[in-house]
Amino acid sequence: MSVRRLRAQTSSRVIDRVFIAVLLAAAIVFLAIIGGLAYSLVAGSSLSLRTFGAAFLWTSQWNPVTNQFGALPLIYGTIVSSLIAILLSGLFGVFAAVFLADFAPRPIARPLSFMIELLAAVPSVVFGLWGLFVLAPAMRNAIDPFLQKTLGFLPIFSGPSYGVGLLTAGVILALMIIPTVTALSRDVIATIPIDQREASMSLGATRWETMTKVVLPAARAGIFGAIILALGRALGETIATTMVIGNRPEISASLFAPSYTLASVIANEFTEATTDIYRNSLIELGLLLFIVSVMVNGAARLLIWSVFRRSVSAR
Amino acid sequence: MLKRVTIALLCGMLGACGSGTSSTQITGAGSTFDNPFFSKAFFEYSNSHPNVTVNYQSIGSGGGIEQFIQRTVDFGASDVPMNAAELARANAAVIQIPVTLGGEVLSYNVPGVPNGLRLTPKAIAGIYLGKIRRWNDAELTSLNPSVHLPNISIVVAHRSEASGTTYIFTDYLASVSAEWKSRVGTGKSVSWPAPASVGGKGNEGVAGLIRNTPGAIGYIELAYALENSMAAATLQNRSGQWVACTQPAVRAAAASKPTVSAKKSFSIVNAAGAQSYPIAGYSWVMVYQKPSDPNRGKLIKAVLQWLIANQAQSIAGGLKYVPLPANVQASASRSLASMQT
């Protein structure tokens, strides 16, 4: 081995080491950010953690005048509005993705994809204003009465409708996250090799059977990933939600009723929270939002993992 | 020749730059309610006083007080004066003066009643407490015999974010209803007792809710209501007179209490006087009595004296704020004079 080659080899080894160190540092930065976030949320809410303890989780009063704080209606509003959003955007987003990836003629697919991605760039305050001035009246005049007439026997579709409320917030959130679901799902579906589709068709399967039995099962993990990413945005959305949800910290059986979310309360009240216990309680809401996000993400991952394992073992 | 012109031009430019950097920047932070007024007024002030520019950040009243206590700004602005605890944290003598006035209209959306709805304090409290729930309630129909109030439910709209507007409105409710005072209280955000109540963000949010919801009622700043020609109820004041929310009616309410103080007990809601409109309040500016830099203090004092004098107050009037009454201007000016510079 010549001296020159040896030298070249050691220098490339050094480069590799530096490269790996940089990668490691990048990963550690994320850990540090999450750790720091969790620490400062706990430290910032220490007073309310001590004062209200675990009761903060299941009491329903939110009264800044008497300094009585409980987060249950806010947790409920956050989870339910996000669930509505995920149901709607999951359904329509995946349909749209299937159409764009496999069925749409090219001259339609290109501009349509572009427009869906454009929707992702619309700021949330614009969605909020549109929701307040266009969607909310439409919900009150048309959609809510229709649901009440057809499905009114269900408690979730009963009671008076004000236009703003949990369902309206869910619909706005669905519109906001549908580009994420559609764009990512379309990309995942497009990566499934064309041979598999051809094989399925050659066995006499219809396009419907090919899609539901071959393509979608193969793309399932990626589609779930897209939905989880979208869910993160729905859980933490602030401005658009607060404009259409009605901002009332109360749990009601009806989806037409006004509700409130963790992120919205923080945004609405933080600037004027002057007493220590009030500020601490708002930071504790931030902590809860953090925990809820981690748990929902974890649950979704568990779901994917179990579905995935079952489909593998079935083969 | 050309060279000489160039040199002259350069000198001119440098001179301009020089005078630009010599202007002192005064900073303030706080109330969003004051922002349109302050932006216009301070712009005019810099035009006539090129040695001073005022930089105002409208971050909200609570934030303004916080920044003022931390001494990161020269003055704070708030819709609610600093309370005892905040004054204690400031740890120095503070002068708080009223700088402008605002009123709040009760706007509504009742099909068939485009204007002229009349409300008593008892009816307003009843609606916001959730005791009066339908527009054809006997309490309301007896007040409005000339119009037909429909049999639809009342939707109570309020501000969702903590705001001085809510403070003034709940202060009014607490002053006219003992039940409101004990059950709900006064605050920038409160726990709203009426079951059919919804929150909108900002004046525009509440106005949007009212416009889009038949049966809705809500409180909106006078300036916003005037700019957007919102329907406004005529209210019965303390002396039993029916008054509409106008700039003169709010000014009359303020003038009825000439001794202005920043104490928590001081408020001009439900003011005496036949012409007084009952839902109104001041916005305040706070400065340290002994500024750390006396020269800077002189400039701050001059700006604020100008702000409460007639020229700036007429700017406020043009923007649909309510200009301070003369007696209030005089007393604010006396307080400012006690600044030690």
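Yes/no matrix, rows are residues, columns are (1) away from every other protein chain (no Cβ under 12 Å); (2) small (Gly, Ala, Ser); (3) closer than 16 Å to A:LEU166 by Cβ:
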| position | (1), (2), (3) |
| --- | --- |
| A:PRO105 | yes, no, no |
| A:ILE108 | yes, no, no |
| A:PHE114 | yes, no, no |
| A:GLY128 | no, yes, yes |
| A:GLY131 | no, yes, yes |
| A:ARG140 | no, no, yes |
| A:PRO145 | yes, no, no |
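Return the total of residues in region A:32-69 being within 14 Å of chain B (Cβ to nearest Cβ), in a loop (DSSP other than H, G, I, E, B) and either in contact with a Leu (Cβ under 8 Å, 6 or more places away or on another chain) or β-branched (Val, Ile, Thr) (or both). Qualifying residue count for the region: 4. When residues in region B:162-195 are screened for being over 16 Å from B:ILE279 (Cα atoms), surrounded by 21 or more Cβ atoms within 10 Å (Cβ to Cβ) and either modelled with pLDDT under 90 or touching a Pro at 6+ places or on another chain (Cβ under 9 Å) (or both), 4 of them pass.
For region B:210-227, filtering for residues that are touching a Leu at 6+ places or on another chain (Cβ under 9 Å) and at the interface with chain A (Cβ under 7 Å from one of its Cβ atoms) leaves 1. The set of residues in region B:156-207 being of a type in the set (D, E, K, R) and either within 11 Å of another protein chain (Cβ to nearest Cβ) or in a loop (DSSP other than H, G, I, E, B) (or both) consists of B:ARG159, B:GLU161, B:LYS181, B:ARG183, B:LYS188, B:LYS201, B:GLU204. In region B:278-315, what residues are in a loop (DSSP other than H, G, I, E, B), under 24 Å from B:ILE69 (Cα atoms) and not basic (Lys, Arg)? B:GLN289, B:PRO291, B:SER292, B:ASP293 - these are the residues of region B:278-315 that are in a loop (DSSP other than H, G, I, E, B), under 24 Å from B:ILE69 (Cα atoms) and not basic (Lys, Arg). For B:GLY130, the conditions (1) within 14 Å of chain A (Cβ to nearest Cβ); (2) on the phi < 0 side of the Ramachandran plot; (3) surrounded by fewer than 22 Cβ atoms within 10 Å (Cβ to Cβ) all hold with the exception of (2). Only one of the numbered conditions (1) among the charged types (D, E, K, R); (2) modelled with pLDDT of 90 or more; (3) part of a helix (DSSP H, G or I) is not met by A:LYS213, and that is (2). When A:ILE156, A:ILE172 are checked against the criterion of being of a type in the set (Val, Ile, Thr), closer than 26 Å to A:ALA263 by Cβ and either within 14 Å of chain B (Cβ to nearest Cβ) or part of a loop (DSSP other than H, G, I, E, B) (or both), A:ILE172 stands alone in meeting it.
How about region A:66-82: which of its residues are surrounded by fewer than 19 Cβ atoms within 10 Å (Cβ to Cβ) and within 16 Å of A:ALA240 (Cα to Cα)? Full working, then the answer.
Taking region A:66-82 as the starting set, the residues that turn out to be surrounded by fewer than 19 Cβ atoms within 10 Å (Cβ to Cβ) are A:66-68, A:72, A:79.
The answer is A:ILE79, and nothing else.
Considering A:SER281, A:SER252, the condition of being assigned to a loop (DSSP other than H, G, I, E, B) and either touching a Leu at 6+ places or on another chain (Cβ under 9 Å) or farther than 16 Å from A:PRO160 by Cα (or both) is satisfied by A:SER252 alone. Scanning region A:123-150 for residues that are loosely packed, with under 13 Cβ neighbours inside 10 Å and not hydrophobic (A, V, I, L, M, F, W, C), which turns out nearest to the chain's Cα centre (by Cα)? Per the stated criteria, the residue is A:PRO123.
The values are calculated or read from the model by the stated rules, or taken from the named source; none is laboratory data. Values in this document were obtained by computation on a predicted structure and should not be read as measured data. Neighbour counts are summed over all protein chains in view; Cβ atoms, including those assigned to glycine, are modelled from backbone coordinates with ideal geometry.
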